[in-house]
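Here's the structure, in structure tokens; my notes come after.
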Amino acid sequence: MESTWFILVMLMIVAYAVFDGFDLGAGTLHLFISQTDSDRRTILRSIGPVWDGNEVWLIAGAGTLYFAFPALYAVSFSGFYLPLHIVLWLLILRGIGIEFRAQLSREIAAGLFDGFFALSSGLLALFFGAALGNVIRGVPIGADHWFFEPLWTTLLPWGDTGILDWYTIFTGIFTVIALAMHGALWISLKTDGGIRGRVSMVANRIALILGIFTIVGVPLTILARPATVANYLRHPVLFVIPAAVIASLYLAWIWNRGGRELPAFLASCAYITSALAGVAAALYPALLPSSYGPQFDITIFNAATGSYALRVGFIWWGLGMALATGYFIFAYRMFRGKLQEDSIG
């Protein structure tokens, strides 16, 4: 059951990254690709009916993680207390930016809340990526299952690690770029006219940059934590995952260049899914590796709740996910297709 719940938690994280990822990417880009106030309102309306529903996956994922692996929560909060609060305030600021922007018509107020939306979206992507980098690299957990890391360090590849250091800043920037492409492809899928053409060209350029970061990220990850290749060498079949990462990114680029908007966006979804699957495959069975050695890792076995709770919880989790999936299918079917011309204006 521990391995089953590990997979379920990863599925929840993937769902959040795919669904709320295009929201964050659209927010990060919208001031750069907009030429008029109408363009900015169009981008907001492209995510308007679904952005708050997409964040349900963050709550559901956190709840699932807490239920299945409560010890991980206790250890994580000991060292990530400050960044978790930063993320909370950024989520609040992002909601304020979206909702107030829709209610206020004055130009100065609109500009202020557009800025809130863009800043919070970009920083959230950066911090989520840095958090992932911390998990991949490992944190200084000892026998007492407590750790502390400074918010930043000297940013050198040697010496003490920090929540923001050379590797986690790289993973943060990597995440910003990946979600920016994802958001650009979503905007291209939902809009028409001049803005669609501009955002499609932006997506092509971002895809090329993302390809470079993807290739460079492999040796940097091995440098930061050599143990990440152990599972791949032990089970060579796992190398199909990085192959899927490269193939999906290539297809997203090719299909976007050819004007095939839906396949390009789905390929971007596959890229994010396979990239996170690659991380999960590298970490298993660790949930939060220790930089002091594998004997101090927080794993699915020493962090899991009782076996009876895991079995019963699986039933209730299935019912809850069935309801959530039904809601999402309904919402996205209602919102399918391009934005209508009257709603774009």
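Please treat every number below as a calculation from the coordinates, not as lab data. It should be emphasised that the depicted structure is a prediction, and the values quoted were computed from it without experimental measurement. Cβ: placed from backbone, ideal geometry, glycine included. Neighbour counts: every protein chain shown.
Tabulated results
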quantity: Positive-end residue of 291, 128, 210, charge dipole of the chain with Cβ unit charges; calculated: 210
quantity: Label point distance in nm, residue 66-residue 4, each placed 7 Å from Cα along Cα→Cβ; calculated: 2.3
quantity: Ascending count of other beta-carbon atoms within 10 Å, so fewest first, for 235, 182; calculated: 235, 182
quantity: Computed [θ] at 222 nm, deg cm²/dmol, the chain (DSSP H ≥ 4; -39,500 (n - 2.57); rounded to nearest 500); calculated: -26000 deg cm²/dmol
quantity: Angle in degrees between helix 2-33 and the longest Cα principal axis of the chain, rounded to the nearest 10; calculated: 30
quantity: Listed candidates (1) 70; (2) 44; (3) 49 - label of the one calculated as percent of Cα pairs over 28 Å apart; calculated: (2)
quantity: Total charge dipole magnitude, the range 181-301, about the Cα centre, Cβ charges on Lys, Arg, Asp, Glu only, Debye to nearest 20; calculated: 300
quantity: Extended-chain gain in nm, criterion 0.36 nm per residue less alpha-carbon gap, residue 77 and residue 45; calculated: 7.9 nm
quantity: Distance histogram for the range 240-294 (every C-alpha pair counted, 5 angstrom bins, percent rounded to whole numbers); calculated: 4, 21, 21, 15, 12, 10, 7, 5, 3, 1
quantity: Projected label distance in nm at residue 291 and residue 173, using a 7 Å step from Cα toward the beta-carbon; calculated: 2.0
quantity: Inverse mean reciprocal Cα-Cα distance (Kirkwood Rh) of the range 1-73, Å; calculated: 13.8
quantity: Estimated FRET transfer efficiency when R0 is 22 angstrom, pair residue 35-residue 324 (beta carbons, to 0.05); calculated: 0.05
quantity: Histogram of C-alpha separations across the range 1-135, 10 Å bin width, %; calculated: 12, 40, 29, 14, 5, 0
quantity: Fully extended contour minus Cα-Cα distance, from residue 109 to residue 85, at 0.36 nm per residue; calculated: 6.0 nm
quantity: Computed label-point distance, nm, for sites residue 257 and residue 153 using a 7 Å Cα→Cβ extension; calculated: 4.0
quantity: Segments 318-330, 133-145, 184-196 sorted - mean Cβ within 10 Å per residue, highest first; calculated: 184-196, 133-145, 318-330
quantity: Residues in the range 292-315 reached by a label modelled at residue 227 [backbone nitrogen below 17 Å; 7 Å Cα→Cβ]; calculated: 292-304
quantity: Residue-by-residue Karplus 3J(HN,Hα) for the range 180-188, coefficients 6.51, -1.76, 1.60, Hz, glycine and proline x; calculated: 5, 5, 4, x, 5, 5, 5, 4, 4
